[in-house]
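Participant: Quick one: this structure, given as structure tokens, is what I'll be asking you about.
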Amino acid sequence: MTNLLRHRLFWPLAILALLLLGNLAFTPGFFSIQLRDGHLYGSLIDILRLSAPLVLVALGMTVVIATGGIDLSVGAVVAIAGALACLRISEQDNQQSVSVVLLAVGLALLGSLLLGLWNGFLVAAVGIQPIIATLILMVAGRGIAQLITGGQIITITSDPYRLIGAGYWLTLPFSVLIAVVVTAIAVTLTRRTALGLLIEAVGGNPRASRLAGIRSRRLIVSAYVFCGLCAGVAGLMISSNVSSADGNNAGLLIELDAILAVVIGGTALAGGRFSIAGTVLGAVIIKTLDTTIYTIGITPETTLLFKAVVVIVLCLAQSPAFRNRVFARRRHPDPPAPTASAPKLEVPA
Amino acid sequence: GDSGAGGGSDDKIVMGFAQVGAESGWRTANTKSIQEAAKAAGIELKFSDAQQKQENQIKAIRSYITQRVDVIAFSPVVESGWDTVLKEAKDAGIPVILTDRAVDSPDTSLYKTFIGSDFIIEGERAGEWLKKEYEGKPETVNIVELQGTTGAAPANDRKEGFAKVIGTEPKFKVIASQTGDFTRAKGKEVMDAFLKAQPKIDVLYAHNDDMGLGAIEAIEAAGKKPGVDIKIVTVDAVKDGMQALADGKINYIVECSPLLGPQLMDLAKKVVAGETVEQRVLTEETTFTQEQAKAALPNRQY
Amino acid sequence: MIDLGETKTGTSTAGAALPRLLDARRRYLPVLATLALLALMYGLGAVNYEGFSDTQVLLNVLIDNAFLLVVAVGMTFVILTGGIDLSVGAVVALTTMISASLLEQRGWPPGVVLPLVLLIGAAFGFAMGCVIHFFEIQPFIATLAGMFLARGLCYVISTDSIPITDGFWTTMAQSKLRAGGFFVSTSVLIALVVVLGAAYVLAYTRLGRDVYAVGGSPQSALLMGLPVGRTRIAVYTISGFCSALGGVLLSFYMLSGYGLHATGLELDAIAAVVIGGTLLTGGSGYLFGTVLGVLVLGLIQTIITFQGNLSSWWTKIVIGVLLAAFILLQRAVSRRAS
Amino acid sequence: MATGRAILTMTDIGKHFPGVVALDHVDFRLFPGEVHALMGENGAGKSTLIKVLTGVYQHDHGHMELDGGPVAFAGPLAAQQAGISTVYQEINLCTNLSVAENMFIGREPRRFGHIRWSELRRRAADRLRRLDLDIDVSSPLGAHSLAIQQMVAIARAIDISAKVLILDEPTSSLDAAEVAQLFRVMRQLKEEGMAIIFVTHFLDQVYEISDRITVLRNGRLIGEYRTTELSQLDLVGKMIGGELAVLEQLDEQPKPPVAAIEQGAPVVQARELGRNGSIEPYHLAIHQGEVVGLAGLLGSGRTEAARLLFGADRADHGELLVDGKPVVLRGPHTATAHHIGFCSENRRTEGLVEELTVRENIVLALQASRGWSRPIPRRRQDELVDRYVQALRIRPADPELPVRTLSGGNQQKVLLARWLITEPRLLILDEPTRGIDVGAKAEIQRLVVELADGGMAVLFISAELEEVLRLSHKVAVFRDRRLVTELENTGDLDADRVMAVIAGGAPA
Ligand SMILES: Nc1ncnc2c1ncn2[C@@H]1O[C@H](COP(=O)(O)OP(=O)(O)OP(=O)(O)O)[C@@H](O)[C@H]1O
Ligand SMILES: Nc1ncnc2c1ncn2[C@@H]1O[C@H](COP(=O)(O)OP(=O)(O)OP(=O)(O)O)[C@@H](O)[C@H]1O
Ligand SMILES: [Mg+2]
Ligand SMILES: [Mg+2]
């Protein structure tokens, strides 16, 4: 039992369960899943489908954060990828052609890759602080996306393209399948090869890693490239979901959600140890929270308050320091008085 | 008096225009209309984009004052908080024209005129259509509302106007109302949830076409027919929205026209020439039913 | 082998003098480079745009960014300890909102409202500092929750914007300090006083030095017997206070309270601090750098308005490009010199 | 000497960490005017006891009295205010601040709250000069070598006028001269009635300075003894609970003459290798099977010279040859590709990744040289790690613990293990035995000899001259950031002669 309680993912899972149960109280059919038109249909499926793009962006963000960086430009990359693909498709006569869509997707992914490379270059080769290096693309990228769409919404009617974000395959939302596959790739790459270890070392202590002979520059660049690609795929999903590219609003503020997901998942923003499972869980929690807000009828004016409360509760529940302070007080009537100067910093021997 | 027309006043009129941003296709069409109209009218346009920030708009206006343009026009991000900078403009003798949205300053001498739509009226029109549509049917009508960005003026006003009208009949019930941030993606996301949580939805009122279009996707995914199973009324009348209206997926659109460029340039010329103009100029706007949409669609520009 | 043989420890005093000089230069180098580049940018603007060289343009940059400057000062404290404060923009908005609603809807006197909102801001920061310190919650998350909370509170007060017509506020907003045909607003004066005060605190008081120590290494600071907890909580309190003061300045500037005021301000403030050469990991940076950072952002904005023919998207792209150019040059200059 | 009432008593102190009992019913007492040595193997619980005393950790049970009154400190600040001044084992100063500030932060000279900087710098320079250290006090601390940082930490601690002074391995990277200087100051403080707790792994130092010894083993108290009544052999016996004989053996081993080893091309050769402002161009050749020692004073440039060989710093002068062919080191990764290893003196900032486990830290360099795509199979990792956990006696012997929870000495062993498993052709060891207990130190020295016999070239840097002499075939002497001479380690080379060269006497 205590082992279970101490598991990293216990508290996030508990919160998720709580949120879902809360929904059930308001909407009796919340857990029901039906088969409709050959695909699964229900709130839980919705949550998964909505989480898919966020999961992707957060995955990329996890890797970047693990190297000790941060990527603010993911929202812009999301917008650019969607815009590139939709523009390309809208220019073709036959929008239903699979090859047209594949080409457009390839183009968008190539674009995202280059954007990731640019970020990586600024951070690793030039040595600019990640937050400011990616801020550049965050600002300019949004402009580029609008430039591509001409500030309008590009609407397309392409069933193959629709599949990415709104379609179903084997009764499951295709976007969820993509997210699962990318997650599996990320897990394999980081845990089956030595990439995970090297990334954690670089994020944990860059100087020591350099002296251990790790080529951290390449590693960091790859992390940003991966993040760019993930954001690109997410951008395709988001634009495909509504069959249109919105350079202005696609992926707006997704960087905050992604970072939040990473942190809820137990990865420290300072870099080092990371948890992919935690991140996925974090993303699902955030989207569940959104859905909860819509379903239980929180008014838009109080939405943010509700979010704030959930985030605070979530963090406090996860914080060992909080639990120690609260529970310790119960157990020992006379604790070694914790005062302002008694933080439990980890102090090496 | 507008005596101080400094700078390059010899031939061309110089107009400083401080746009809100480019947050939507509607806004982009608005910008384009103004730019094109300026060119056509032979007015030199200094344009700046505030990226949805009032601070930036104020900065831009202040910079136009130091650049001594002949006339300043801008679409206020919000109604409040313009007095200081407008007073500076007045002191510098530069006339100001408001477009698209009003400011709430009690001192109306701060600006010459205001041209634009009235969001409250738009909301009212949507409500009136609904009333007519359900005339004589006594059973309750369950309405869900997709609001614009929380706190944004069009969202506040369209909500208010709509509520005022339908509030007169108790059979209309807004059973869920949530922000969709004026975007398709959010519109779809929220509608998805509404469809699961609400057993019976009769009408969707969306504060703009884009959210309505997103919601249509959600409704279709739920196996329902938009426009039939759920009636949809939206505001804006952008091309995609008109198409959906023509296709019968939307039932009614209240127009909010972004094309106020030509009107604006006319006013600017008059103002600079010292002619008196009306304090409030409404843009020419209408509403669309399915038939009207089919007729209007071929020459819809935005 | 020539042997001077006068040292025991391996360093001669003469040998230490040169490095000392170089060292001092090296330490201020990034800031100096930023200053030089800023001047260069201004020069380019003056050459390219008519009326740009007008001193009032520079003063306008200050007028328009006084509130950002104050907020960035608070952010500098936080970042110097290695933290981050995402709530500043929301606290600014909340301050304008509370001020407006108390003044206009409740009719409270400004003499009460002003101290009250400053107190609320400081208390808000204090609370976040406590959560961060006692419960060991990452600053990013704690202040993100703070951001949601503050914005949420704004909407609870009202989703509309509330105009402020109070006499004191309008006087503050519209009174100008003139000198030789030029003017600045009172906000600029307040902001400069804040900057000077904060610079003094950082350089000449124990709190200031503790901020640097905690940023350098919280563990070491703790083991050196420094009041780590108190310092941490203090910086968030300062940041909260500065945000509230920034909010007051913004409400002077806008004469309104609105829940959507100052959206994204936190990023501007962070960007200003980091462009000014402060390390996000903490422990290194100067307040003067932050002032330069704010000026850089303001000047970029000014150039954009003077350019005057950029479409909305080109505006963004150009901002990005200018920012990139600036940072790359800054980097190149300081690298070349060290 | 210790008479009258104890100034500090700790009774029945217990402290456990998850899975480890670090202190198990330990008693400790300290009298005014004595130097009390706290002895024990790596991981015995010395540092933990100190941290419990100063409030860094809260003890599980037990009781502490300072000056007759019960105390329990909430943190180091409280302990400092109560008159306990401490130098912790890992140097805990802020490298981003200036030397002067590090000495006075928290108690800066002030007037009406205004810090008086010039006064502060003056005082700092003054205090350091008393320790015979003449450095620019306004330079950032991080620009200085570890040894200098250690001196600064000591200077800070002894300047706080306290009742109790705690020094946790203050001498681990100091040279004889600095140690002598430190002892002089300690004696003076003792005269003034201060009580001093002193932790070290150098037995000679214990016998030179201490009045009383407390021995810990595995978190348990073994006993408290008067130094004069406990022989060195007995002390070692009590610490490790057995006999130790490796040390003596090693001394006896005859070394093959340099000429015999230096045949053929050197493995690595530095030709006029130098770097502006840090080390003047130097020549050095290291052959297969050869151990080259570097000797010099604090800050003489040994570390700097070694870093150039590894590409940790970029050389801007001269060239480096590996197997007679010139190579350009573009960074440590090129060096590891040429089978050069470098174990840094600064294990905390340049060595370990504290969050990672012992196993991950050990395999890190090997993995880095193999590249990310060829992970070391888990079984092989466990094998390698187990071998070195055994060989170096890393305690606790659980490779899955985060390395940060290990004691200082054990962390050092982990760092060493990282490089040993890469089996490099040239291994550069910068202060590899820092903070390592007698037993393990002998083990490590034995390993170095073994590896050299097996054909590895070793560059050995240590503040302990005896150690250098015991191991190396050749000693390169540095002074003022310059290689002044190379000495062949034949039978007649002894510490005194090297010292003479270091101090600038006639080259031998
Ligand atoms: N923060 C911690 N978390 C878990 N275990 C710890 C922690 N600090 C110390 N330990 C364990 O406590 C034991 C005692 O460690 P301590 O640092 O006191 O040893 P030490 O006697 O100082 O050794 P050394 O001579 O190597 O410095 C070790 O087994 C160590 O692994
Ligand atoms: N007296 C000094 N004044 C200023 N800087 C010094 C002094 N001594 C050393 N340093 C700096 O310390 C750094 C390390 O010197 P280095 O490590 O080469 O010395 P070392 O011979 O290894 O001695 P140590 O025993 O201190 O490690 C160098 O960067 C040098 O600039
Ligand atoms: Mg220890
Ligand atoms: Mg050294």
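The values are calculated or read from the model by the stated rules, or taken from the named source; none is laboratory data. Since this is a predicted model, take the numbers as computed values, not measurements. Heads up, the Cβs are rebuilt from the backbone with ideal geometry, glycines too, and the neighbour counts pull from every protein chain shown. To get the accessible areas, we keep the full protein, side chains included, count just its heavy atoms, and leave off ligands, DNA and RNA. Shrake-Rupley method; radii C 1.70, N 1.55, O 1.52, S 1.80 Å.
Participant: Going through the range A:290-310 one residue at a time, which ones are open to solvent by less than 10 Å² (accessible area, probe 1.4 Å) and more than 8 Å from every other protein chain (Cβ to nearest Cβ)?
Facilitator: Correct list: A:THR292 only.
Participant: Here is a follow-up. Does D:GLY68 meet the test of being away from chain C (no Cβ under 14 Å) and more than 12 Å from ligand 1 (Cβ to nearest atom)? Break it down stepwise before answering.
Facilitator: Values: away from chain C (no Cβ under 14 Å): yes; more than 12 Å from ligand 1 (Cβ to nearest atom): yes.
Spelling it out, D:GLY68 is indeed away from chain C (no Cβ under 14 Å) and more than 12 Å from ligand 1 (Cβ to nearest atom).
Participant: Being within 24 Å of A:VAL233 (Cβ to Cβ), aliphatic (A, V, I, L, M), surrounded by 21 or more Cβ atoms within 10 Å (Cβ to Cβ) and within 14 Å of chain B (Cβ to nearest Cβ) is true for just one of A:ALA58, A:ALA66, A:ALA83. Which residue is that?
Facilitator: Details: A:ALA58 fails: within 14 Å of chain B (Cβ to nearest Cβ); A:ALA66 fails: within 14 Å of chain B (Cβ to nearest Cβ).
The unique qualifying residue is A:ALA83.
Participant: Looking at D:GLN411 and the list (1) surrounded by fewer than 24 Cβ atoms within 10 Å (Cβ to Cβ); (2) in a helix (DSSP H, G or I), which single condition is not satisfied?
Facilitator: Answer for D:GLN411: the failing condition is (1).
Participant: Also, I was wondering about something else. Quick one: which residue in D:VAL52, D:VAL56 is within 16 Å of ligand 3 (Cβ to nearest atom), at pLDDT 90 or above and in a helix (DSSP H, G or I)?
Facilitator: Numbers: D:VAL56 fails: in a helix (DSSP H, G or I).
From the options D:VAL52, D:VAL56, the qualifying one is D:VAL52.
Participant: Let me ask something else about it. Of the numbered conditions (1) surrounded by fewer than 18 Cβ atoms within 10 Å (Cβ to Cβ); (2) out of contact with any Ser or Thr (no Cβ under 8 Å at 6 or more places or on another chain), B:ILE72 fails exactly one; give the number of that condition.
Facilitator: Only one criterion in (1) surrounded by fewer than 18 Cβ atoms within 10 Å (Cβ to Cβ); (2) out of contact with any Ser or Thr (no Cβ under 8 Å at 6 or more places or on another chain) is unmet by B:ILE72, namely (1).
Participant: Looking at the range D:172-199, which of its residues are more than 13 Å from chain C (Cβ to nearest Cβ), within 14 Å of ligand 2 (Cβ to nearest atom) and buried (at least 24 other Cβ atoms within 10 Å of the Cβ)?
Facilitator: Taking the range D:172-199 and keeping what is more than 13 Å from chain C (Cβ to nearest Cβ), we get D:172-173, D:179, D:182-199.
From what is left, the residues that are within 14 Å of ligand 2 (Cβ to nearest atom) are D:172-173, D:179.
Hits for the range D:172-199 are D:SER172, D:SER173.
Residue by residue, here is whether (1) away from chain A (no Cβ under 13 Å); (2) among the aromatic types (Phe, Trp, Tyr); (3) touching a residue at least 24 places away in the same chain (Cβ under 8 Å) holds:
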{"site": "B:GLY151", "(1), (2), (3)": "no, no, no"}
{"site": "B:ASP157", "(1), (2), (3)": "yes, no, yes"}
{"site": "B:ALA176", "(1), (2), (3)": "no, no, yes"}
{"site": "B:GLY187", "(1), (2), (3)": "no, no, yes"}
{"site": "B:ASP192", "(1), (2), (3)": "no, no, yes"}
{"site": "B:LEU195", "(1), (2), (3)": "no, no, yes"}
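Participant: So, of the residues in the range D:139-168 that are within 16 Å of ligand 2 (Cβ to nearest atom) and assigned to a loop (DSSP other than H, G, I, E, B), which turns out to be least open to solvent (accessible area, probe 1.4 Å)? Quick ask: steps written out before the conclusion?
Facilitator: Going residue by residue through the range D:139-168, those that are within 16 Å of ligand 2 (Cβ to nearest atom) are D:139-155.
Next, from what is left, pick out any that are assigned to a loop (DSSP other than H, G, I, E, B): D:139, D:144-145.
Values: D:SER139: 9, D:HIS144: 37, D:SER145: 38 Å².
Filtering the range D:139-168 for residues that are within 16 Å of ligand 2 (Cβ to nearest atom) and assigned to a loop (DSSP other than H, G, I, E, B), the one least open to solvent (accessible area, probe 1.4 Å) comes out as D:SER139.
Participant: Further question on the same structure: Any residue in the range D:86-102 that is part of a helix (DSSP H, G or I), open to solvent by less than 40 Å² (accessible area, probe 1.4 Å) and within 16 Å of ligand 1 (Cβ to nearest atom)? Lay out the reasoning, then the answer.
Facilitator: Going residue by residue through the range D:86-102, those that are part of a helix (DSSP H, G or I) are D:99-102.
Okay, now just the ones that are also open to solvent by less than 40 Å² (accessible area, probe 1.4 Å), so D:99-102.
Keeping just the survivors that are within 16 Å of ligand 1 (Cβ to nearest atom) gives none.
Taking every residue of the range D:86-102 in turn, none turns out to be part of a helix (DSSP H, G or I), open to solvent by less than 40 Å² (accessible area, probe 1.4 Å) and within 16 Å of ligand 1 (Cβ to nearest atom).
Participant: Could you grab me the full set of residues in the range B:258-289 that are within 19 Å of B:PRO154 (Cβ to Cβ) and out of contact with any Phe, Trp or Tyr (no Cβ under 9 Å at 6 or more places or on another chain)?
Facilitator: If the condition is that a residue be within 19 Å of B:PRO154 (Cβ to Cβ) and out of contact with any Phe, Trp or Tyr (no Cβ under 9 Å at 6 or more places or on another chain), then B:LEU260, B:LEU282, B:THR283, B:GLU284, B:GLU285, B:THR286 are the ones that fit.
Participant: If you don't mind, there's one more thing I want to ask. Among (1) farther than 22 Å from C:THR231 by Cα; (2) away from ligand 2 (no atom under 16 Å from the Cβ), there is one condition D:HIS114 misses while meeting the rest; what is its number?
Facilitator: Result: D:HIS114 passes all but (1).
Participant: Which condition number in (1) buried (at least 17 other Cβ atoms within 10 Å of the Cβ); (2) of a type outside the set (A, V, I, L, M, F, W, C); (3) more than 9 Å from chain A (Cβ to nearest Cβ); (4) not in a loop (DSSP other than H, G, I, E, B) is the one that C:ASP160 fails?
Facilitator: Status for C:ASP160: all satisfied but (4).
Participant: Pull up the range D:294-343, narrow it to residues that are of a type in the set (Lys, Arg) and within 13 Å of chain A (Cβ to nearest Cβ), then point me to the one that is least open to solvent (accessible area, probe 1.4 Å).
Facilitator: To start, the set of residues in the range D:294-343 that are of a type in the set (Lys, Arg) comprises D:302, D:307, D:314, D:325, D:330.
When the remaining residues are screened for being within 13 Å of chain A (Cβ to nearest Cβ), the result is D:307, D:314, D:330.
On the way: D:ARG307: 34, D:ARG314: 143, D:ARG330: 145 Å².
Here the residue is D:ARG307.
Participant: Also, I was wondering about something else. In the range C:112-140, how many are in contact with a Leu (Cβ under 7 Å, 6 or more places away or on another chain) and either among the charged types (D, E, K, R) or at the interface with chain A (Cβ under 10 Å from one of its Cβ atoms) (or both)?
Facilitator: Count: 3.
Participant: Can you tell me which residue is farthest from the other protein chains (Cβ to nearest Cβ) among those in the range D:22-32 that are more than 16 Å from ligand 3 (Cβ to nearest atom) and either surrounded by 23 or more Cβ atoms within 10 Å (Cβ to Cβ) or not in a loop (DSSP other than H, G, I, E, B) (or both)? Break it down into steps so the answer makes sense when it comes.
Facilitator: Step one: list which residues in the range D:22-32 are more than 16 Å from ligand 3 (Cβ to nearest atom), which gives D:24-25, D:27, D:29-32.
With either surrounded by 23 or more Cβ atoms within 10 Å (Cβ to Cβ) or not in a loop (DSSP other than H, G, I, E, B) (or both) added as a condition, the list becomes D:24-25, D:27, D:29-30.
Values: D:ASP24: 17, D:HIS25: 18, D:ASP27: 20, D:ARG29: 22, D:LEU30: 20 Å.
The residue in question is D:ARG29.
Participant: Also, quick follow-up: Quick one: which residue in C:PHE67, C:PHE77 is more than 10 Å from chain B (Cβ to nearest Cβ), crowded, with 24+ Cβ neighbours inside 10 Å and not β-branched (Val, Ile, Thr)?
Facilitator: On inspection, the qualifying residue turns out to be C:PHE77.
Participant: Let me ask something additional. Within the range D:383-435, track down each residue that is of a type in the set (A, V, I, L, M), at pLDDT below 90 and within 13 Å of ligand 3 (Cβ to nearest atom).
Facilitator: none
Participant: Which condition from (1) within 16 Å of ligand 1 (Cβ to nearest atom); (2) within 14 Å of chain C (Cβ to nearest Cβ) is the one that D:MET151 breaks?
Facilitator: (1)
Participant: Still on this structure: For the range A:311-325, what are the residues that are hydrophobic (A, V, I, L, M, F, W, C) and surrounded by fewer than 21 Cβ atoms within 10 Å (Cβ to Cβ)?
Facilitator: As a first pass, look at the range A:311-325 and keep what is hydrophobic (A, V, I, L, M, F, W, C): A:311-317, A:321-322.
Answer for the range A:311-325, where residues must be hydrophobic (A, V, I, L, M, F, W, C) and surrounded by fewer than 21 Cβ atoms within 10 Å (Cβ to Cβ): A:ILE312, A:VAL313, A:LEU316, A:ALA317, A:ALA321, A:PHE322.
Participant: If I go through the range D:395-408 residue by residue, how many of them are assigned to a helix (DSSP H, G or I) and either over 13 Å from D:GLU355 (Cα atoms) or within 16 Å of ligand 2 (Cβ to nearest atom) (or both)? Quick ask: steps written out before the conclusion?
Facilitator: Residues of the range D:395-408 assigned to a helix (DSSP H, G or I): D:403-405, D:408.
With either over 13 Å from D:GLU355 (Cα atoms) or within 16 Å of ligand 2 (Cβ to nearest atom) (or both) added as a condition, the list becomes D:408.
Number satisfying all stated conditions: 1.
Participant: Of everything in the range D:200-226, what is surrounded by fewer than 20 Cβ atoms within 10 Å (Cβ to Cβ) and not hydrophobic (A, V, I, L, M, F, W, C)? Give them in sequence order.
Facilitator: Result: D:ASP204, D:GLN205, D:TYR207, D:GLU208, D:ASP211, D:ARG217, D:ASN218, D:ARG220, D:GLY223, D:GLU224, D:TYR225, D:ARG226.
Participant: Can you tell me how many residues in the range D:454-471 are farther than 17 Å from D:GLY301 by Cα and either of a type in the set (Val, Ile, Thr) or within 16 Å of ligand 2 (Cβ to nearest atom) (or both)?
Facilitator: 3
Participant: D:ASP136 versus (1) of a type in the set (Asp, Glu); (2) part of a helix (DSSP H, G or I); (3) crowded, with 22+ Cβ neighbours inside 10 Å: which is the lone unmet condition?
Facilitator: (2)
Participant: So which helices (runs of 4 or more DSSP H) are wholly in the range C:223-320 and hold at least 3 residues that are closer than 30 Å to C:VAL113 by Cα and at pLDDT below 90? Walk me through it before giving the result.
Facilitator: Values: elements: C:228-254, C:265-275, C:287-307.
The helices (runs of 4 or more DSSP H) meeting that bar number zero.
Participant: Which condition number in (1) within 16 Å of ligand 4 (Cβ to nearest atom); (2) within 14 Å of chain A (Cβ to nearest Cβ); (3) closer than 21 Å to D:ILE240 by Cα is the one that D:ILE428 fails?
Facilitator: The failed condition is (3).
Participant: Out of curiosity, is B:GLU128 touching a Cys at 6+ places or on another chain (Cβ under 8 Å), within 28 Å of B:GLN198 (Cα to Cα) and more than 13 Å from chain C (Cβ to nearest Cβ)?
Facilitator: Values: touching a Cys at 6+ places or on another chain (Cβ under 8 Å): no; within 28 Å of B:GLN198 (Cα to Cα): yes; more than 13 Å from chain C (Cβ to nearest Cβ): yes.
Here the answer is no, as B:GLU128 does not meet what is asked.
Participant: Could you please let me know if A:LEU195 is more than 19 Å from A:VAL284 (Cα to Cα), within 21 Å of the chain's Cα centre (by Cα), surrounded by fewer than 24 Cβ atoms within 10 Å (Cβ to Cβ) and more than 14 Å from chain D (Cβ to nearest Cβ)? Can you show your working first?
Facilitator: Values: more than 19 Å from A:VAL284 (Cα to Cα): yes; within 21 Å of the chain's Cα centre (by Cα): yes; surrounded by fewer than 24 Cβ atoms within 10 Å (Cβ to Cβ): yes; more than 14 Å from chain D (Cβ to nearest Cβ): no.
No: the conditions fail for A:LEU195.
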